[in-house]
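Please treat every number below as a calculation from the coordinates, not as lab data. None of these values were measured; they are calculated from a predicted model. Positions of Cβ are generated from backbone atoms using ideal geometry, with glycine treated the same way; all protein chains shown enter the neighbour counts.
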Amino acid sequence: MSENKKKEAGNNASQPLHFSRNVFILADSTQATNEDSARLLPQKAPEMTFILGGLTQVGSVAGLPQEQPVFWVKVKPFLMDTQPVTTEAFGKFVQATGYQTEAEKFGDGGVFDEQSKSWALKKGANWQYPQGREMPKAPSNHPVTQVSWNDATAYAKWAGKRLPTEIEWEHAARNARNDRAIYPFGNDITDANQKYRANIWQGHFPDHNEVTDGFRFTSPVGFFGKTPLGLTDMTGNVWQWCEDWKSDYGTWIKGEKAEVQQEKAQRGGSFLCEPGWCHGYRVSGRSFSTPETSLMHVGFRCVRDL
């Protein structure tokens, strides 16, 4: 990004603008500090992690156009689910409420077929059978998939939580300290022993998946360890629904709403992502789908206000 563009991104607002629930867009990063957040003590909650508030930059100069321009935000502290909602946890919600997902109502869900190398609506695919009835049932300790944004929102409301905003999600992925690394754990997707640190596609998508990480589809939550902040599955495995409607960052900086509200945001990438195709598992990666869409590689996690 050129210096002029950087200045333009920083000068779009002369005063902090209220953004969503817990975010303020800042024109100048020097106007605020982390002192207020640092004075707050974590509030314990089962299976949730305290996310310290503070300043962070959203987006990536080296990212895709939808990840630009980079801008500063101040985020209030919040609690985030340590891991994505699992099939077991979602099942308890269904059992307690009798809830029927949109995939169940429609009778199908989106499934990627490696043979035809294309997406199709698979009859019978739902949160219990993400790839259809003829395929194995979803493991209880894997992230739930084939849930729409509407389904995720219903679960969050039942649990006394909500979906994170995109900015909250990215702030948490940056370890709540404006870490500018590509991933929450650094700049390399493999460790010193060339072992993968996340469940992603290895090989050339969609032609060949080497399955070097051991998983062709979803993996157990937490299998690849935690981020420095203590969260699991912030890179790969499943995309995660966020609260926001699809919008470009320029619109956000101006404090405006998306002109056309058709798709909801997703973060984190999935087991289908590889650098030559989407590279969506980067901290700044973004994707979008309509709120009624259910897919085999999209799940969610929740947050709670303090």
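For this structure, a couple of remarks:
- Sorting GLU114, GLU243 by the number of Cβ atoms found within 10 Å of their own Cβ, with the fewest placed first, yields GLU114, GLU243.
- A full extension of the chain between LEU121 and GLU256 corresponds to an added length of 45.1 nm, given 0.36 nm per residue minus the alpha carbon distance.
- Per-residue Cβ neighbour rank within 10 angstrom, fewest leading, GLU292, GLU274: GLU292, GLU274
- For segment 134-182, the spherically averaged projection of the C-alpha convex hull amounts to 5.6 nm².
- √(5λ) per eigenvalue of the Cα gyration tensor, segment 37-169, largest first, Å: 32, 22, 12
- Neighbour net charge for THR190 - beta-carbon separation under 14 angstrom, K R +1, D E -1: -3
- Per residue, the Cα convex hull of segment 97-153 amounts to 98 Å³.
- Above-threshold pairs, the threshold being 27 Å between Cα atoms, out of LYS76/LYS157; LYS105/LYS246; LYS157/LYS254: LYS157/LYS254
- Cβ-to-Cβ counts within 10 Å put ARG267, ARG197, ARG180, ARG174 in ascending order as ARG180, ARG197, ARG174, ARG267, the fewest first.
- From the alpha carbon centroid of segment 120-144 to that of segment 246-306 is 22 Å.
- Stretched out straight at 0.36 nm per residue, the stretch from GLN100 to LYS226 would grow longer than its current Cα-Cα span by 42.2 nm.
- Relative contact order for segment 70-184, counting Cα pairs under 8 Å that sit 6 or more residues apart, in percent: 23 percent
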